[in-house]
Amino acid sequence: MLVEYSIVAGVLLGLFYALMAMGLNLVFGVQRIINLAHGDMVMLGGFGAWELYYGYHLNPVVAIVVMIPITVAVGFGLYYLLIPRLKSAVDFETLSLVLFFGVSQVVEALAALGFGNNERSLPVSSIPSHPVNFLGQPYPADWWVAAGVALPLLAIFFLYLYRTRLGRETRAVMADEHEAVSVGIDAARVSAISFGVGLALAAAAGVLAVFVFGGVDPSEGVGITITAFAIIVFGSLGSPLGTVVGSILFGVAYQLAQVYTPSWSNLVPYVLVIGTMLLRPQGLFGRRTRIA
Amino acid sequence: MADEILRLEGISKHFGGLSALQEVSFSVEGGEALGLVGPNGSGKTTLINVVCGLYTPNAGNIYLEGAKLGKTTPHKLAKSGINRTFQVPQPFASLTVRENVEIAAAHRRGDGMSVVEILDFVNLGKWAGQEAGSLNAAQQKRLDLGRALALNPKVLFVDELGAGLNPAELAEVAAMLRSLLNGGRALVVVEHLMGFLDKLVDRVIVLNAGREIFHGGLRSALDDGEVKRVFLGTVGA
Amino acid sequence: MLDSKGGGKPLAGLLRRKTLLLDLLAVAIPVIGFSFGLNFYSNELLLVYMMVYVALAHGINISYGFTGYLPFGYFGFFGAGAYGATLAILDLHVPALLGMLFGGVAGVLVGLLLLPLFRLRGAYFAIATLAAGEAVADIVANPSLQSITNGPYGENLASVYSSGQIYVAALVFMALALLAVVLVKNSRFGLSLRAIKESEYSAAMAGVNVVQLRSLAWVIAAAIAGVGGAIFGWATTVFYPSAVFDSAISVFAIVFALFGGTGSVWGPTLGTVLLYGLYSAVGLSSPQYFQLIYGLAIVGLILFAPRGLVGFGRAAVRRLSLRRAGANG
């Protein structure tokens with residue numbers, strides 16, 4: 001019974017985690033940048049939903065739709081502001097890590113100044129709230145909502161990546177930037193757009209996170225970034241499908257840990273990231289091409 | 001007959017399904033320069049990487065002066081007398097030219113040229129105090145050679161030292177390498193430029209797709225049917 | 001082969017002696033400065049923290065500046081040191097000063113435990129240490145270990161508080177950390193580390209034992225963090241796990257070191273004194289504004305002066321002397 005429960009819960013939350021981690025993997029795949037501010041974008045998405053709900057009575061699910069174009073645009077601009085200057089640096093990978101840490105600090109500070117240091121939550125009445133039974137066991141409604149919103153968004157993302165011209169160009173840059181440039185792809189533009197898409201995915205996940213995590217506060221970013229990073233390393237850096245499968249496995253593992261050893265369950269992401277890096281650095285879906 | 005310095009027996013290396021080296025065997029004597037040729041991807045650099053400890057071979061044995069080398073690390077090989085230059089040299093860019101050589105000389109066992117002598121030998125004495133990153137490509141290749149020489153290697157693998165040099169520089173480098181043979185050192189020279197090899201080696205091993213397809217004199221290699229086929233269009237002259 | 005005399009020309013030797021002298025000044029001046037620090041500034045705790053951070057920034061200097069491995073999870077050693085010292089003092093009843101050494105040992109033990117992470121490079125290494133640091137924190141703070149570490153409820157060292165001893169311990173500790181950097185920088189060890197940073201395999205082919213030297217640098221950095229955490233805990237007296245296992249500690253130390261300039265003896269010290277000074281002036285009263293300034297400073301630093309203050313200064317000097325040479329020629 002408990003195992004069944006953990007698996008169903010893990011799959012539901014896993015879809016949400018996939019949405020939460022996908023943007024980080026996209027940005028890494030395209031630019032070889034680990035966006036340490038990713039978790040802060042998730043946090044901003046949560047505050048955005050809160051403001052839209054209390055300011056304009058906007059349903060959080062609708063808020064996601066409103067925020068997507070805005071965050072794509074913001075990410076596009078942010079890319080051109082930060083990355084081209086850094087590209088020439090000797091130690092690009094490490095320096096970009098520190099750079100985005102700085103960005104994360106700025107975002108966190110602005111959020112704390114703008115929204116206050118306390119956790120905020122949205123009323124459960126803003127989404128369907130009655131627990132939903134499945135195979136004879138009840139699961140919180142917001143998990144169903146999170147999975148139900150994450151699934152179509154992920155589907156749209158996969159369509160974009162595999163069925164559109166821009167998506168094809170994005171995958172070309174992911175595979176080899178120099179090759180992509182040599183066949184006439186504007187790698188900078190593609191990178192900027194994918195940075196925006198990554199941010200949009202993070203913000204969308206952030207709205208759902210207000211329910212899944214029970215609230216949003218300015219300092220939640222770091223923990224989210226580490227969890228998302230654990231997932232994408234586990235599923236294979238640069239592999240979107242790996243992120244989905246890795247998220248679901250992570251969700252199940254985390255739920256099992258919560259059920260059987262609740263006090264140690266927070267260790268799951270850390271063990272996952274270190275274990276994967278040491279034992280199978282290419283991740284679940286990786287080819288043994290790029291050794292971390 | 002001079003003493004055997006290095007002997008490879010049945011060295012094989014594969015990466016996943018790809019077989020990079022299949023049962024390669026040869027030996028090289030003190031005072032001898034052996035040529036290692038073959039088209040791109042034929043396994044020349046992989047062979048150097050195996051002998052110099054970057055990769056562990058899947059099969060086969062390596063003997064240095066008759067003693068079998070077990071599982072070891074690159075720095076131990078370097079100290080025991082096996083060294084190499086790099087196709088694309090990777091000098092320690094932020095260190096000075098002198099420091100680049102000094103760092104290797106510090107790990108030498110026994111006698112050898114002093115740091116100053118090495119710098120003069122590779123013609124970089126004038127640039128000794130400069131950061132290695134500021135050298136041009138040809139100078140970096142010579143520095144790489146100097147770094148390798150500082151450990152006074154018994155056998156030295158030279159990986160495409162001639163590529164990108166003009167004829168005058170080529171002749172200079174060939175003379176430089178020839179003089180290294182004095183004192184019983186062995187050289188294994190990987191090179192595409194046959195004219196350059198001709199000045200330096202009497203014997204060549206030709207690799208193709210990880211296998212040895214020819215072993216013998218350079219002149220007869222150029223007349224060999226299989227070698228010609230493999231090199232069709234790549235040898236030029 | 002003619003002879004095997006070393007290749008040091010007299011000029012080179014003289015230059016080296018001159019840089020060594022300058023480096024030793026970079027030890028002496030901060031030590032003297034902090035010795036009289038209380039005459040200028042009465043907040044003793046803050047000065048102790050500052051000295052600890054100077055040492056931590058130099059731990060980052062050794063790890064990142066010389067070997068190129070950025071330990072984002074540096075706070076893991078720091079927290080381990082704080083707890084190692086505390087447990088030694090409270091449970092083994094060792095004198096507080098000796099307890100600081102136990103802190104160093106705890107840091108080193110965690111460092112040895114994390115050695116396998118060196119199979120990773122660059123950003124992967126950085127993130128893996130971050131995860132490892134968080135994992136150590138989670139373990140120490142776990143309610144299941146309350147009987148040993150007091151779990152999430154923290155520790156209390158009030159029984160051994162001694163402001164004089166703490167100040168002297170911090171001063172000596174900072175001096176030792178600075179000396180360690182001078183030794184590393186001016187030795188063949190340091191040269192080899194820089195070679196490893198540039199190209200591991202080339203360094204190995206130059207005869208450098210990469211694994212051994214890199215591990216040694218790592219252990220020195222871990223020991224510094226361990227003792228730093230121990231002194232921090234002692235000075236703070238009552239602390240919770242979240243105070244000593246705070247990722248902000250790593251980030252402070254990293255940014256102080258980068259801001260001042262890694263690979264030098266002056267850089268991290270200057271970076272710490274300036275930025276931690278700023279933190280004390282602004283950060284304590286309005287932490288959000290500090291975090292904002294701080295974040296912007298990091299972004300600006302990486303984009304405009306990735307080699308830190310010292311690198312910036314060096315470039316300026318070089319440009320000036322080039323211009324002068326140009327005028328003369």
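Each reported figure results from applying straightforward, stated rules to the coordinates on display, with no laboratory input. Nothing here was measured: the structure is a model prediction, and the numbers come from that model. Counting neighbours? That spans all protein chains shown, and the Cβs are built from the backbone with ideal geometry, glycine included.
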**OP:** Would you compute, from DSSP H runs of 4+ residues alone, the mean residue ellipticity of chain A at 222 nm, taking -39500 (n - 2.57) per run and dividing by the full residue count, rounded to the nearest 500?
**Re:** -25000 deg cm²/dmol
Original post:
Amide H of C:Gly73: which non-local residues (sequence gap of 5 or more, or other chain) have their own amide H closer than 5 Å, using H built in the peptide plane?
Top reply: C:Thr129, C:Leu130
Original post:
Once the other residues with Cβ under 14 Å from the Cβ of A:Ala202 are scored (Lys, Arg +1; Asp, Glu -1), what is the net sum?
Top reply: -2
Subject >> Within chain B, percent of DSSP bridges classed antiparallel, to nearest 5 >> reply: 60
Original post:
Just going by the charge dipole of chain A, with Lys and Arg at +1 and Asp and Glu at -1 on Cβ, which of A:Leu122, A:Phe134, A:Ser219 is farthest out on the positive end?
Top reply: A:Phe134
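Under a point-charge model restricted to the Cβ atoms of Lys and Arg (+1) and Asp and Glu (-1), what is the dipole moment magnitude of chain A relative to its Cα centre, in debye to the nearest 20? Display every interim value, and only then the final one.
Values: 13 positive and 15 negative charges, 150 e Å.
Magnitude of the dipole: close to 720 debye.
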Original post:
Which value at 222 nm does chain C reach when only helices count, each DSSP H run of 4 or more adding -39,500 (n - 2.57), with the total divided by all residues and rounded to the nearest 500 deg cm²/dmol?
Top reply: -24000 deg cm²/dmol
Original post:
Charges only on Cβ, +1 for Lys and Arg, -1 for Asp and Glu: so what's the dipole of chain C about the Cα centre, in debye to the nearest 20?
Top reply: 1820
Subject >> CD proxy at 222 nm, helix term only [per DSSP H run n ≥ 4: -39500 (n - 2.57); per residue of chain B; nearest 500] >> reply: -9000 deg cm²/dmol
Original post:
In whole angstrom, how far apart do the alpha carbon centroids of segment B:191-220 and segment B:126-184 sit?
Top reply: 21
Original post:
Using the Cβ atoms and a cut-off under 12 Å, what net charge is assigned to the surroundings of C:Ala126, where Lys and Arg are +1 and Asp and Glu are -1?
Top reply: -1
Original post:
Pairs B:Lys13/B:Lys68; B:Lys13/B:Lys228; B:Lys199/C:Lys197; A:Lys87/C:Lys197: which exceed 27 Å Cα-Cα?
Top reply: B:Lys199/C:Lys197
Original post:
Modelled label-to-label distance, C:Phe312 and A:Leu81, 7 Å Cα→beta-carbon offset: nm?
Top reply: 2.1
Original post:
Which whole-angstrom value gives the distance between the alpha carbon centres of segment C:217-248 and segment A:1-46?
Top reply: 32
Original post:
Within chain A, what is the longest stretch that has no trypsin sites (Lys or Arg not before Pro) placed in a DSSP loop and near at most 15 other beta-carbon atoms within 10 Å?
Top reply: A:88-286
Original post:
How much net charge surrounds A:Tyr162 when only the other residues with a Cβ under 9 Å from the Cβ of A:Tyr162 are counted, with Lys and Arg +1 and Asp and Glu -1?
Top reply: +3
